[in-house]
Amino acid sequence: MAASPRREIDVLLHEGRRVEPPEDFRREARVSDRTPYRRAGEDRLAFWEERARELDWFEEWDEVLNWDPPHAEWFVGGRLNAAHNCLDRHLDGWRANKAALIWEGEPGDRRTYTYRELHREVSRLANGMKEMGVEKGDRVAIYLPMIPEAAVAMLACARIGAVHSVVFGGFSPGSLRSRIQDAGAELLITATGGYRRGNVLRLKRDADEAIEGLDVVENVIVVRRGFSAEGDETFARMQEGRDHWYEDVVGEASPKCPAEPMASEDLLYILYTSGTTGKPKGVMHTTGGYMTQVQATTEWVFDLKEEDVYWCTADVGWVTGHSYIVYGPLAAGATVFMYEGAPDWPERDRFWELVERYGVSILYTAPTAIRAFMKWGEEWPEKHDLSSLRLLGTVGEPINPEAWEWYREHIGGGECPIVDTWWQTETGGIMITPLPGVTTTKPGSATEPFPGIEAAILDDDGNEAESGYLAITEPWPSMLRGVWGDEERFRETYWSKWDDTYFPGDGARVDGDGDFWILGRVDDVLNVAGHRIGTMEVESAVVDHPATAEAAVVGRKDEVKGEAIAAFVSLKEGYEASDGLQEEIREHVGQEIGAIAKPADVIFTADLPKTRSGKIMRRLLKDIAEGEALGDTTTLADPDVVERLKQKYEEGG
Ligand code: WTA
């Protein structure tokens with residue numbers, strides 16, 4: 001098992017510290033006692049049915065769950081529409097004029113959409129898409145920066161039953177291309193650019209490169225964002241007949257567009273995520289169960305109240321942005337704050353300035369961001385009045401207890417409860433988490449399964465263990481329904497370890513109180529700054545460089561990012577190791593996958609450590625990259641290889 005031993009030690013050291021929900025928080029909380037846990041324990045399906053009733057259905061379901069492992073159908077026979085639940089149903093009363101989305105761009109431009117305005121914008125875009133021939137079930141790729149149009153585009157798809165596939169704006173043209181091809185997307189929605197640390201990322205140019213020669217894409221809708229002052233042509237060369245300005249599409253379309261009544265199990269979206277081997281897989285989410293769980297978790301985990309200003313700092317390109325910027329909070333009628341850019345632009349207090357300006361009351365971010373804030377120092381948050389905050393959340397990777405304590409103290413004023421939420425792209429919604437008015441929290445522990453979720457720690461044979469693999473033992477409403485176009489991979493990856501039990505790929509431990517401590521991935525998936533990256537993907541990008549003969553990629557511990565990528569590379573005959581080549585390989589990976597996948601270290605080596613059967617021993621490389629004592633090397637074909645490598649690595653710093 002590969003879960004980090006350091007994390008395990010950390011966990012053991014910190015089990016003792018406990019933080020109770022503050023009494024006044026508990027009194028006012030949406031959930032203030034264990035009733036939901038009891039209720040779900042007595043009858044799990046009835047519990048989820050009650051949660052589903054919090055949505056607006058066009059037709060009620062006949063059956064709560066049809067479980068034919070590994071395939072589950074929830075609320076079978078029911079009909080609803082996700083966009084209708086996020087918009088239309090809020091228009092009856094005073095919520096119509098409530099701010100649904102408050103947005104600030106990195107350069108400081110601001111926009112607010114009320115629910116009524118958002119509804120109108122979404123309906124117009126939906127009609128515009130229909131005019132281009134987009135129909136129910138068709139796939140639409142979305143490649144946008146963090147601007148309101150990203151949410152509008154997703155909801156417009158949902159409105160007409162088109163299936164969106166959002167691709168993170170930081171991914172390369174090649175990554176976008178393979179995702180468009182795999183999903184068969186006929187429409188692409190993108191922007192001229194997006195702001196990041198004062199620069200404009202040229203999205204349209206990358207999108208053009210991505211779809212060059214791809215017949216499947218018939219239309220491209222382009223949002224104007226981040227032109228240079230002269231309207232620089234290279235930002236957006238519009239191709240006649242294929243490319244359309246967003247403002248023209250929306251401007252000409254009617255604001256009346258009935259929401260398509262979707263079957264509960266109709267596809268809502270595909271989202272690509274990295275796995276152990278091969279190319280990223282298209283995780284599929286459907287409508288009824290997904291919406292049920294994301295709404296219920298948004299309301300309870302974040303204790304969402306009508307007057308809250310809720311900010312989730314994720315990008316819409318990741319699942320967190322799907323479930324907890326768009327679908328969950330808007331279904332719950334929240335005021336969602338959204339920010340386009342970097343936390344340190346123009347200064348390191350940008351987030352705190354935003355919290356103060358908009359009166360953010362709930363903040364949901366990632367441990368990697370918290371560790372960066374810690375490093376920058378508390379003088380930055382101290383410049384601002386953060387007293388509007390009443391709840392803090394974290395997601396994406398294990399949080400180290402020090403970061404948890406710092407977050408609570410310096411951002412939460414020592415009072416805000418912290419919800420450490422464990423879940424994945426595949427689970428769709430939050431699975432293991434405190435409820436802030438109920439749960440006694442411990443820094444570093446995601447605590448217990450949400451009501452209606454059944455989780456356990458199992459060993460390889462499926463027996464319960466104190467320390468082992470995290471397992472989800474019963475189907476849940478927002479579970480993935482499959483991998484797009486690859487049933488075999490779906491079964492193999494998630495359902496082959498144990499019988500009818502879901503394998504998430506994380507190591508975990510349970511303590512004496514029954515609280516869960518997530519220890520990290522046990523497969524070859526890296527978690528760099530909260531982003532999932534497959535070692536194999538990076539390896540193939542490195543090997544794709546003409547100078548590379550062979551490569552092995554491992555994650556090593558990084559103080560801020562959690563993990564950083566180290567690539568061990570052997571060169572082809574005729575190539576010399578050099579700093580220039582190191583940089584070239586890093587850049588190459590950036591171009592192949594995206595900047596997030598660039599290795600922090602590139603280490604040249606004549607040979608890679610292999611077993612006698614030729615398998616690369618990544619565990620040893622990890623030890624080397626982390627400066628650890630070397631583990632067992634007796635199975636190596638040539639034990640000297642590691643010694644030489646270790647020396648070299650240490651010399652190279
Ligand atoms: C990790 C992000 C510890 C875990 C929502 C999981 C966490 C992977 C936590 C999913 C947490 C997420 N504590 N680890 N609170 N939340 N993880 O698909 O390894 O981008 O398997 O979904 O992130 O990453 P994904």
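The values are calculated or read from the model by the stated rules, or taken from the named source; none is laboratory data. Worth saying up front: this structure is predicted, and the values here are computed from it rather than measured. FYI the Cβ positions are ideal-geometry reconstructions off the backbone, even for glycines, and counts take in every protein chain you see. The protein model used for the area step is the full one, side chains on, heavy atoms only, and it has no ligands, DNA or RNA in it. Shrake-Rupley method; radii C 1.70, N 1.55, O 1.52, S 1.80 Å.
Per-residue SASA remark: M238, around 60 Å² accessible (1.4 Å probe; ligands, DNA and RNA not included). Averaged per residue, segment 525-651 has 47 square angstrom of accessible surface, using a 1.4 angstrom probe with ligands and nucleic acids left out.
With +1 on each Lys and Arg Cβ and -1 on each Asp and Glu Cβ, and nothing else charged, work out how big the dipole of the chain is about its Cα centre, in Debye to the nearest 20. Intermediate values should be presented prior to the final figure.
Working: 72 positive and 118 negative charges, 172 e Å.
So the dipole magnitude of the chain works out to roughly 820 debye.
A compact globular protein would have a Cα radius of gyration near 2.2 N^0.38 Å; the ratio found for the chain is 0.94. Across segment 504-566, the relative contact order, built from alpha-carbon pairs under 8 Å that are at least six residues apart, equals 24 percent.
Any idea of S613's accessible area? Nearest 10 Å², probe 1.4 Å. The accessible area of S613 comes to roughly 110 Å². As a rough guide to protection, the peptides 344-356, 156-168 ranked by mean Cβ packing within 10 Å, highest first, stand as 156-168, 344-356. When the listed pairs K281/K557; K281/K305; K130/K305; K279/K561 are checked against a 28 Å cut-off, the alpha-carbon distance exceeds it for K281/K305; K130/K305.
Among the listed pairs K136/K497; K497/K646; K615/K646, a Cα-Cα separation exceeding 26 Å is found for K136/K497; K497/K646. Across the accessible surface of the chain, with the other protein chains kept in place and a 1.4 Å probe, carbon and sulfur atoms take up 45 percent. Between the beta carbons of R34 and W376, assuming R0 = 35 Å, the FRET efficiency works out to 0.35 to the nearest 0.05. Beta bridges per DSSP, both residues in the chain: antiparallel share near 60 percent. The simple spin-label model puts a point 7 Å past each Cα toward its Cβ; for R644 and D513 those points are separated by 5.3 nm. Modelled this way, with points 7 Å down the Cα-to-C-beta line, the labels at F227 and N97 are 3.5 nm from one another. The peptide list 291-299, 568-576, put in order of mean Cβ contacts within 10 Å with the highest first, becomes 291-299, 568-576.
Stretching D56 away from E576 to a fully extended chain increases their span by 180.8 nm, per 0.36 nm per residue minus the current alpha-carbon distance.
Within segment 126-157, list the trypsin sites (Lys or Arg not before Pro) lying in a DSSP loop whose Cβ has at most 15 other Cβ atoms in a 10 Å radius.
Answer in residue order: K136.
Here each label is just a point 7 Å from Cα along the line to Cβ, and for E584 and E247 those points are 4.4 nm apart.
Here D344 and E307 are evaluated by their C-beta separation; at R0 = 30 Å the FRET efficiency comes out at 0.50.
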